[in-house]
Amino acid sequence: MTSRAEAAAPFTADDHRHMARALRLARRGLWGTHPNPRVGCVVVRDGDVVGEGWHERAGAPHAEIHALRAAGERARGAVVYVTLEPCSHHGRTPPCADALVAAGVAEVVAAVVDPNPQVAGCGLERLRAAGIAVRHGLMAAEAEALNAGFFRRQRAGLPWVRVKSAMSLDGRTAMASGESKWITGEAARLDVHRLRASASHMVTGIGTVLADDPSLTVRLPPEEGAWRQPERVILDPRLETPAGARILREPGETFVATLPGRAAARPDLAEAGARLVELPGDEERIDLAALLEWLARERQANEVMVEAGATLAGAFLEAGLADELVLYLAPHLMGSDARGAFTMPGVLEMVHRRALEIRDVRPVGHDWRIVARPLSRHGADPGQ
């Protein structure tokens with residue numbers, strides 16, 4: 001598909017600058033493109049940027065189309081920088097590869113090849129067949145990181161799982177009584193809503209629903225921009241969700257996942273707006289891998305955010321299904337009687353510890369946010 005010489009073609013400082021701009025544009029679609037990837041595009045002619053665009057939401061024109069429209073006739077003979085291989089198939093919109101050919105561009109520089117089997121190099125081949133020069137691999141790691149969930153779903157049939165927790169400096173998430181509002185400050189809570197907006201689905205457990213009656217919705221001020229409400233999923237093996245639960249009254253879809261043969265026992269939940277789904281498991285727990293496979297297959301989930309109690313959060317870690325932890329640490333201590341963040345039975349010796357790789361640490365208001373990824377016992381990063 002790609003010659004060794006093409007893959008090794010050197011990229012200039014200008015190439016990096018224009019692709020970096022395309023990646024910044026792609027991030028503008030962070031909250032709206034589900035289930036599509038976030039993509040940015042820059043059109044350059046004679047060293048000048050003559051058009052740019054990004055994919056804003058599913059069903060709307062792709063980044064290349066916006067950029068070509070902005071460039072107009074100046075696109076002829078131009079170099080196009082795009083963060084993902086141009087599509088070559090008819091979906092909700094026509095193929096971007098065809099639009100680039102019709103515009104008469106001279107070269108396309110793609111950050112990374114599309115992992116979607118419907119594309120997977122076909123877009124680049126279509127461009128080459130039309131006489132357009134093609135290079136790819138520029139800032140590929142950055143482009144893939146921006147769409148970690150999309151790549152995971154296309155390659156492995158699973159979404160990217162992000163487990164969020166807010167805790168004190170001594171690792172406590174609630175008092176012994178269950179009281180937990182508010183551990184972190186307003187800035188950290190606003191940051192959580194931004195994370196929710198980037199997720200395809202929010203997942204929680206029945207324990208959290210019964211204890212806190214959460215909404216799990218995105219609540220951001222208008223100046224933050226447009227977003228979509230992620231779908232919500234309650235793991236409820238015994239079907240204990242109250243029909244009057246707040247989460248069922250909020251805008252958007254809420255799924256209640258239970259065990260086989262149990263959904264029929266609660267017609268009131270369907271009447272309250274819940275969508276019941278039966279998934280395999282044992283008498284007490286739903287199989288988390290089956291849940292994620294279902295979300296990827298049936299709901300096209302790219303990124304799943306888990307906001308739950310210690311038991312469910314720990315279960316995702318124990319099952320090796322947590323790709324990323326986002327931990328908000330508040331500058332106070334809650335004491336040894338307060339509840340911990342992760343229930344992980346069997347961690348009795350130092351050798352049983354779960355190793356993490358810290359990816360980012362930064363202040364958020366008066367709190368600190370740590371982004372970490374679990375490492376396997378052999379030190380491999382499951383996110384790679």
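The values are calculated or read from the model by the stated rules, or taken from the named source; none is laboratory data. Not measured: the values here are computed from a predicted model. Virtual Cβ from ideal backbone geometry, glycine too; neighbours counted across all protein chains shown. Protein only, heavy atoms only, side chains kept; ligands, DNA and RNA dropped before computing areas. Shrake-Rupley method; radii C 1.70, N 1.55, O 1.52, S 1.80 Å.
Looking only at strands (runs of 3 or more DSSP E) that fall completely inside region 146-258, which ones have 3 or more residues that are hydrophobic (A, V, I, L, M, F, W, C), at pLDDT 95 or above and open to solvent by less than 30 Å² (accessible area, probe 1.4 Å)? Lay out the reasoning, then the answer.
Values: elements: 160-168, 172-174, 201-205, 231-235, 254-258.
Strands (runs of 3 or more DSSP E) meeting the threshold: 160-168, 231-235, 254-258.
Please verify whether region 339-348 includes one or more residues that are open to solvent by less than 20 Å² (accessible area, probe 1.4 Å), out of contact with any helix residue (DSSP H, G or I) (no Cβ under 8 Å at 6 or more places or on another chain) and not polar (S, T, N, Q).
Narrowing region 339-348 to residues open to solvent by less than 20 Å² (accessible area, probe 1.4 Å): 341.
From what is left, the residues that are out of contact with any helix residue (DSSP H, G or I) (no Cβ under 8 Å at 6 or more places or on another chain) are none.
No, region 339-348 contains no residue that is open to solvent by less than 20 Å² (accessible area, probe 1.4 Å), out of contact with any helix residue (DSSP H, G or I) (no Cβ under 8 Å at 6 or more places or on another chain) and not polar (S, T, N, Q).
One line per residue, one yes/no per condition, for (1) modelled with pLDDT of 95 or more; (2) of a type in the set (A, V, I, L, M); (3) more than 21 Å from the chain's Cα centre (by Cα); (4) within 24 Å of Val192 (Cβ to Cβ):
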| position | (1), (2), (3), (4) |
| --- | --- |
| Leu288 | yes, yes, no, yes |
| Val326 | yes, yes, no, yes |
| Ala355 | no, yes, yes, no |
| Asp360 | yes, no, no, yes |
| Val364 | yes, yes, no, yes |
| Asp367 | yes, no, yes, yes |
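State the number of residues belonging to region 259-307 that are more than 27 Å from Phe151 (Cβ to Cβ), among the small types (Gly, Ala, Ser) and in a helix (DSSP H, G or I). Please lay out each step first, then the result.
First, the residues of region 259-307 that are more than 27 Å from Phe151 (Cβ to Cβ): 259-276, 278, 281-285.
In the following step, the residues that additionally are among the small types (Gly, Ala, Ser) were identified as 261, 263-265, 270, 272-274, 281.
Checking which are in a helix (DSSP H, G or I) leaves us with 263-265, 270.
Residues meeting the conditions: 4.
Consider Arg27 carefully, then state whether it is surrounded by fewer than 17 Cβ atoms within 10 Å (Cβ to Cβ) and on the phi < 0 side of the Ramachandran plot. If you could, list the steps in order and put the result at the bottom.
On the way: surrounded by fewer than 17 Cβ atoms within 10 Å (Cβ to Cβ): yes; on the phi < 0 side of the Ramachandran plot: yes.
So Arg27 passes the test.
Given the conditions (1) farther than 30 Å from Pro230 by Cβ; (2) surrounded by fewer than 24 Cβ atoms within 10 Å (Cβ to Cβ), report the number of the one that Ala97 does not fulfil.
Result: Ala97 fails condition (2) only.
Residue-by-condition table, conditions (1) over 17 Å from Leu235 (Cα atoms); (2) of a type in the set (Gly, Ala, Ser):
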site: Leu288; (1), (2): no, no
site: Glu307; (1), (2): no, no
site: Gly335; (1), (2): yes, yes
site: Asp360; (1), (2): yes, no
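In a loop (DSSP other than H, G, I, E, B), closer than 30 Å to Lys181 by Cβ and touching a residue at least 60 places away in the same chain (Cβ under 8 Å): does that describe Gly320? Please lay out each step first, then the result.
Details: in a loop (DSSP other than H, G, I, E, B): yes; closer than 30 Å to Lys181 by Cβ: no; touching a residue at least 60 places away in the same chain (Cβ under 8 Å): yes.
So Gly320 fails the test.
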